1. Which one of Leu42, Leu125 is without any contact (Cβ under 8 Å) to a residue 60 or more places away in the chain, open to solvent by less than 90 Å² (accessible area, probe 1.4 Å) and in contact with an Asp or Glu (Cβ under 6 Å, 6 or more places away or on another chain)?
2. Report, by residue number, each residue of the range 74-100 that is under 21 Å from the mean Cα position of the chain (by Cα), small (Gly, Ala, Ser) and farther than 10 Å from Lys119 by Cα.
3. For the structure I just gave you, tell me whether Asp60 is open to solvent by 60 Å² or more (accessible area, probe 1.4 Å) and more than 20 Å from Leu42 (Cα to Cα).
4. Would you say Ala50 is among the hydrophobic types (A, V, I, L, M, F, W, C), open to solvent by less than 60 Å² (accessible area, probe 1.4 Å) and either free of Cβ contacts under 8 Å to residues at least 60 places away in the same chain or in contact with a Phe, Trp or Tyr (Cβ under 7 Å, 6 or more places away or on another chain) (or both)?
5. Yes or no: the range 20-29 includes at least one residue that is more than 26 Å from Ile69 (Cβ to Cβ), open to solvent by less than 90 Å² (accessible area, probe 1.4 Å), of a type in the set (Ser, Thr, Tyr) and outside any helix (DSSP H, G or I).
6. Restricting attention to the range 86-122, which residues are surrounded by 10 or more Cβ atoms within 10 Å (Cβ to Cβ), in a loop (DSSP other than H, G, I, E, B) and of a type in the set (Val, Ile, Thr)?
Amino acid sequence: MAAKDSIKQTLIVSLVLCLVCSVVVSTAAVILKPIQQANKHLDMQAKILATVNLLDANTDVQTQFKRYIETRVIELESGRFVDDIDPGTYDQRKSAKDPATSVALSPEQDTANIKRRAKNATVYLVKKNGV
(Lines give C-alpha, C1' and ligand atoms only; values in the text may rest on other atoms or scores of the structure.)
Protein backbone atom coordinates (compact mmCIF):
# COMPACT_ATOMS: atom_id res chain seq x y z
CA MET A 1 0.00 0.00 0.00
CA ALA A 2 2.92 2.32 0.65
CA ALA A 3 4.07 2.08 -2.99
CA LYS A 4 0.82 3.68 -4.27
CA ASP A 5 1.24 6.67 -1.99
CA SER A 6 4.88 7.34 -2.82
CA ILE A 7 6.19 10.72 -3.90
CA LYS A 8 7.10 9.24 -7.28
CA GLN A 9 3.50 8.08 -7.91
CA THR A 10 2.12 11.44 -6.81
CA LEU A 11 4.44 13.32 -9.17
CA ILE A 12 3.63 10.99 -12.09
CA VAL A 13 -0.13 11.43 -11.57
CA SER A 14 0.30 15.21 -11.27
CA LEU A 15 2.42 15.37 -14.43
CA VAL A 16 -0.02 13.27 -16.47
CA LEU A 17 -2.95 15.34 -15.24
CA CYS A 18 -1.18 18.58 -16.17
CA LEU A 19 -0.31 17.27 -19.64
CA VAL A 20 -3.87 16.10 -20.32
CA CYS A 21 -5.34 19.42 -19.16
CA SER A 22 -2.88 21.45 -21.23
CA VAL A 23 -3.70 19.43 -24.36
CA VAL A 24 -7.44 19.94 -23.78
CA VAL A 25 -7.06 23.69 -23.24
CA SER A 26 -4.73 24.12 -26.23
CA THR A 27 -7.03 22.14 -28.50
CA ALA A 28 -10.05 24.17 -27.39
CA ALA A 29 -8.18 27.44 -28.03
CA VAL A 30 -7.19 26.36 -31.55
CA ILE A 31 -10.65 25.05 -32.42
CA LEU A 32 -12.45 28.12 -31.04
CA LYS A 33 -10.12 30.73 -32.64
CA PRO A 34 -12.19 31.17 -35.84
CA ILE A 35 -15.39 31.50 -33.82
CA GLN A 36 -13.75 34.12 -31.57
CA GLN A 37 -12.57 36.09 -34.63
CA ALA A 38 -16.05 35.98 -36.18
CA ASN A 39 -17.65 37.13 -32.92
CA LYS A 40 -15.10 39.93 -32.59
CA HIS A 41 -15.91 41.14 -36.11
CA LEU A 42 -19.66 40.91 -35.46
CA ASP A 43 -19.28 42.83 -32.19
CA MET A 44 -17.35 45.59 -33.98
CA GLN A 45 -20.11 45.85 -36.60
CA ALA A 46 -22.79 46.02 -33.88
CA LYS A 47 -20.88 48.79 -32.07
CA ILE A 48 -20.55 50.82 -35.28
CA LEU A 49 -24.27 50.48 -35.96
CA ALA A 50 -25.12 51.39 -32.36
CA THR A 51 -22.87 54.46 -32.55
CA VAL A 52 -24.92 55.89 -35.42
CA ASN A 53 -28.24 54.73 -33.91
CA LEU A 54 -28.93 52.19 -36.67
CA LEU A 55 -28.76 48.98 -34.63
CA ASP A 56 -32.05 47.07 -34.68
CA ALA A 57 -32.13 44.16 -32.22
CA ASN A 58 -34.71 42.34 -34.36
CA THR A 59 -32.52 42.23 -37.49
CA ASP A 60 -29.28 40.39 -38.22
CA VAL A 61 -26.26 42.63 -37.54
CA GLN A 62 -24.41 41.62 -40.73
CA THR A 63 -27.47 42.40 -42.85
CA GLN A 64 -27.83 45.82 -41.23
CA PHE A 65 -24.14 46.55 -41.58
CA LYS A 66 -24.16 45.75 -45.32
CA ARG A 67 -27.28 47.86 -45.78
CA TYR A 68 -26.21 50.98 -43.88
CA ILE A 69 -22.41 51.03 -43.72
CA GLU A 70 -19.74 51.19 -46.40
CA THR A 71 -16.20 50.35 -45.33
CA ARG A 72 -13.37 52.12 -47.14
CA VAL A 73 -9.67 52.80 -46.67
CA ILE A 74 -8.34 56.36 -46.90
CA GLU A 75 -4.87 57.81 -47.21
CA LEU A 76 -4.44 60.03 -44.16
CA GLU A 77 -2.16 62.60 -45.85
CA SER A 78 -4.54 63.43 -48.69
CA GLY A 79 -7.87 62.21 -47.34
CA ARG A 80 -8.49 60.32 -50.59
CA PHE A 81 -9.90 56.84 -50.85
CA VAL A 82 -7.46 54.01 -51.56
CA ASP A 83 -9.04 51.47 -53.88
CA ASP A 84 -6.19 48.94 -54.05
CA ILE A 85 -6.43 47.97 -50.36
CA ASP A 86 -9.21 45.64 -49.24
CA PRO A 87 -10.90 47.23 -46.20
CA GLY A 88 -12.05 43.80 -45.01
CA THR A 89 -8.49 42.55 -44.54
CA TYR A 90 -6.59 45.79 -43.86
CA ASP A 91 -5.01 45.84 -40.40
CA GLN A 92 -4.13 49.38 -39.40
CA ARG A 93 -2.22 48.33 -36.28
CA LYS A 94 -0.03 45.91 -38.21
CA SER A 95 0.50 48.55 -40.89
CA ALA A 96 1.64 51.07 -38.26
CA LYS A 97 4.45 48.74 -37.19
CA ASP A 98 5.83 48.35 -40.73
CA PRO A 99 8.13 51.24 -41.75
CA ALA A 100 7.09 50.82 -45.40
CA THR A 101 3.42 51.45 -44.63
CA SER A 102 3.73 53.91 -41.75
CA VAL A 103 5.11 57.31 -40.81
CA ALA A 104 7.38 58.10 -37.87
CA LEU A 105 5.91 60.81 -35.65
CA SER A 106 7.84 63.70 -34.20
CA PRO A 107 7.59 64.28 -30.43
CA GLU A 108 5.26 67.25 -31.12
CA GLN A 109 2.93 65.08 -33.21
CA ASP A 110 3.14 62.06 -30.92
CA THR A 111 1.01 63.13 -27.96
CA ALA A 112 -0.17 59.53 -27.48
CA ASN A 113 3.41 58.16 -27.51
CA ILE A 114 2.71 55.67 -30.32
CA LYS A 115 5.96 56.43 -32.26
CA ARG A 116 4.49 55.55 -35.70
CA ARG A 117 1.11 55.76 -37.42
CA ALA A 118 -0.17 53.97 -40.48
CA LYS A 119 -0.33 55.90 -43.75
CA ASN A 120 -3.87 54.61 -44.30
CA ALA A 121 -6.92 54.17 -42.11
CA THR A 122 -10.20 52.30 -42.27
CA VAL A 123 -13.30 54.50 -42.28
CA TYR A 124 -16.98 53.63 -42.09
CA LEU A 125 -19.39 55.64 -44.22
CA VAL A 126 -23.07 55.71 -43.35
CA LYS A 127 -25.21 55.26 -46.43
CA LYS A 128 -28.10 57.68 -46.71
CA ASN A 129 -31.36 55.69 -46.60
CA GLY A 130 -29.42 52.46 -47.12
CA VAL A 131 -28.08 53.60 -50.52
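The values are calculated or read from the model by the stated rules, or taken from the named source; none is laboratory data. Because the structure is predicted, anything quoted here is derived from the model rather than measured. Note that we place each Cβ from the backbone using ideal geometry, even for glycine, and neighbour counts take in every protein chain shown. The protein model used for the area step is the full one, side chains on, heavy atoms only, and it has no ligands, DNA or RNA in it. Shrake-Rupley method; radii C 1.70, N 1.55, O 1.52, S 1.80 Å.
1. Values: Leu42 fails: in contact with an Asp or Glu (Cβ under 6 Å, 6 or more places away or on another chain).
Sole residue among the options that is without any contact (Cβ under 8 Å) to a residue 60 or more places away in the chain, open to solvent by less than 90 Å² (accessible area, probe 1.4 Å) and in contact with an Asp or Glu (Cβ under 6 Å, 6 or more places away or on another chain): Leu125.
2. Gly88
3. Numbers: open to solvent by 60 Å² or more (accessible area, probe 1.4 Å): yes; more than 20 Å from Leu42 (Cα to Cα): no.
It is false that Asp60 is open to solvent by 60 Å² or more (accessible area, probe 1.4 Å) and more than 20 Å from Leu42 (Cα to Cα).
4. Details: among the hydrophobic types (A, V, I, L, M, F, W, C): yes; open to solvent by less than 60 Å² (accessible area, probe 1.4 Å): yes; either free of Cβ contacts under 8 Å to residues at least 60 places away in the same chain or in contact with a Phe, Trp or Tyr (Cβ under 7 Å, 6 or more places away or on another chain) (or both): yes.
Answer is yes for this residue.
5. no
6. Ile114
Results for (1) open to solvent by less than 50 Å² (accessible area, probe 1.4 Å); (2) closer than 13 Å to Val123 by Cα, shown as yes or no for each residue.
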| site | (1), (2) |
| --- | --- |
| Ala46 | yes, no |
| Gln64 | yes, no |
| Glu70 | no, yes |
| Glu77 | no, no |
